[in-house]
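Student: This is the structure I have questions about; it appears just below.
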Amino acid sequence: MRTALFTGAGASCALGYPLTSQLLPMVRAQLLNQSLFQGLCDGRKEAADRVALHGFLRKLYPGFDDSADQSLPLITETFSLVEYALANGESLSVGGFGALQHFRDLLKQAITFLILDDGRKARGVSADVVQAQRQLAEGISNWFGQRSDSAALISTNYDISIESTLYRRLGEAEVTKRIDLGFDWRHVGDGRERSRPSSDPRLRVYKLHGSVNQLRCSSCGYVYFNPLGSISSLAFREELFDSNTCHCRQDVRLELHIVAPSHVREVRDANLLSVWRTALEWMRTADRWVIAGYSLPSEDLAIRSLLMRAYATAEKRPEVTVVQRGQESKARYELIFPKCDFRDDGLEGFLAREG
């Protein structure tokens, strides 16, 4: 049975990562206690980046330091304001084009930090909770691994909590030869080009908005991939060295390969466009969809369009299982997928039933 496991922010939340609504309050808290960016680069640059980001946020939101957490906007709104101003040649209170680009880069750096292990430590997550989250990730990986020859992991999330377990089990050599990311890539270690498997990949992992184990070269457009873990922090290092520069040229730092959460979000990168097309085709031909932790928000038009197009053009209507915590999104799903199996007891309940 061809299966598509589609994961959204709720799945990452169950595995210990913050929801969108938590991100800006967490950024503020870690700016105030000076823990944001700790360990990403040298102390001098960390401090300068904190000062710059804090200054931008206070200019944009003069009441930023004193507002209650629930009064802060979603970080999606903040990105949207910046992206809108950049797209329309407008300035905000933070400054003109260069300042807006710097602000956007620092915001991307902040949300990346919050989903790295260092960011989780800075949040004070207890060892027991982390262990329970790891066990849940192992459970999801086991379920997916039993089907991986005929399954694809399709995700809107940046973290690698599910696929990293699969990579470790297969081993780097096997992953390198037989993984389909939806695009050709370079290995972060030796820079060699790896083409997509021509047939029968062992793993299919399609990250619609990029991932923390990927970096992109702005010159040649190639993406570097690391099957052993996150490499996103390399994009923030001030010095240039082999691991954060491309083999096409040594004077350009590799960039984050993530699409910032924004209502103005456009995917223009050729690699990600290939991921979206590949994900659409897999879902269109799959027998079963399991959609976990994605609430189908009305403003997320691109993902909603992807799901609706795949469903409308499917060779045969897939069996759709929706895994959520609570029933808040039940009506939205049943409007689009009337016969879906909606389960409201989260990933733990799903895994218990599926064995």
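Student: Checking the conditions here, which among Leu24, Leu40, Leu31 is in contact with a Ser or Thr (Cβ under 6 Å, 6 or more places away or on another chain), open to solvent by less than 20 Å² (accessible area, probe 1.4 Å) and farther than 30 Å from Phe144 by Cβ?
Tutor: Leu40
Student: Same structure again: Taking segment 297-338 as the region of interest, how many residues are closer than 21 Å to Asn157 by Cα, over 22 Å from the mean Cα position of the chain (by Cα) and part of a loop (DSSP other than H, G, I, E, B)?
Tutor: 2
Student: Oh, and also: So which of Leu166, Leu215 ends up being surrounded by 22 or more Cβ atoms within 10 Å (Cβ to Cβ), assigned to a helix (DSSP H, G or I), hydrophobic (A, V, I, L, M, F, W, C) and within 18 Å of the chain's Cα centre (by Cα)?
Tutor: After applying the criteria, what remains is Leu166.
Student: Which members of segment 339-348 meet the condition of being free of Cβ contacts under 8 Å to residues at least 24 places away in the same chain and either assigned to a helix (DSSP H, G or I) or closer than 7 Å to Val323 by Cα (or both)?
Tutor: Phe342, Arg343, Asp344
Student: Looking at Asp190, Asp200 in this structure, which one is open to solvent by 60 Å² or more (accessible area, probe 1.4 Å), farther than 18 Å from Arg216 by Cα, modelled with pLDDT under 90 and assigned to a loop (DSSP other than H, G, I, E, B)?
Tutor: Asp200
Student: Restricting attention to segment 339-354, report how many residues are within 23 Å of the chain's Cα centre (by Cα) and among the aliphatic types (A, V, I, L, M).
Tutor: Residues in segment 339-354 being within 23 Å of the chain's Cα centre (by Cα) and among the aliphatic types (A, V, I, L, M): 2 in total.
Student: Checking the structure you have, find out if any residue of segment 298-310 is under 30 Å from Pro338 (Cα atoms), among the hydroxyl-bearing types (Ser, Thr, Tyr) and surrounded by fewer than 15 Cβ atoms within 10 Å (Cβ to Cβ).
Tutor: yes
Student: Right, next: Looking only at helices (runs of 4 or more DSSP H) that lie completely in segment 1-114, which have at least 2 residues being without any contact (Cβ under 8 Å) to a residue 60 or more places away in the chain?
Tutor: The helices (runs of 4 or more DSSP H) meeting that bar are 20-32, 43-60, 75-88.
Student: Which residue, of Leu347, Leu280, is of a type in the set (A, V, I, L, M), modelled with pLDDT under 95 and surrounded by 16 or more Cβ atoms within 10 Å (Cβ to Cβ)?
Tutor: Result: Leu347 is the single residue among Leu347, Leu280 that is of a type in the set (A, V, I, L, M), modelled with pLDDT under 95 and surrounded by 16 or more Cβ atoms within 10 Å (Cβ to Cβ).
Student: Can you confirm whether Val51 is open to solvent by 60 Å² or more (accessible area, probe 1.4 Å) and of a type in the set (Val, Ile, Thr)?
Tutor: yes
Student: Within segment 252-273, identify whether any single residue is open to solvent by less than 50 Å² (accessible area, probe 1.4 Å), assigned to a helix (DSSP H, G or I) and over 30 Å from Glu239 (Cβ atoms), and answer yes or no.
Tutor: No - not one qualifying residue is present in segment 252-273.
Student: Being touching a residue at least 40 places away in the same chain (Cβ under 8 Å) and farther than 19 Å from Ser148 by Cβ is the filter here; which residues of segment 186-207 pass it?
Tutor: Arg186, Val188, Gly191
Student: Could you tell me whether segment 314-329 includes any residue that is of a type outside the set (S, T, N, Q), open to solvent by 80 Å² or more (accessible area, probe 1.4 Å) and farther than 19 Å from Ser150 by Cβ?
Tutor: So far as segment 314-329 goes, yes, one or more of its residues are of a type outside the set (S, T, N, Q), open to solvent by 80 Å² or more (accessible area, probe 1.4 Å) and farther than 19 Å from Ser150 by Cβ.
The values are calculated or read from the model by the stated rules, or taken from the named source; none is laboratory data. On a predicted model such as this, the values are computed, not experimentally measured, just so you know. As a convention, Cβ positions derive from the backbone with ideal geometry for all residues, glycine included, and neighbour counts pool all protein chains shown. The area values use the complete protein model at the heavy-atom level, side chains included, leaving out ligands, DNA and RNA. Shrake-Rupley method; radii C 1.70, N 1.55, O 1.52, S 1.80 Å.
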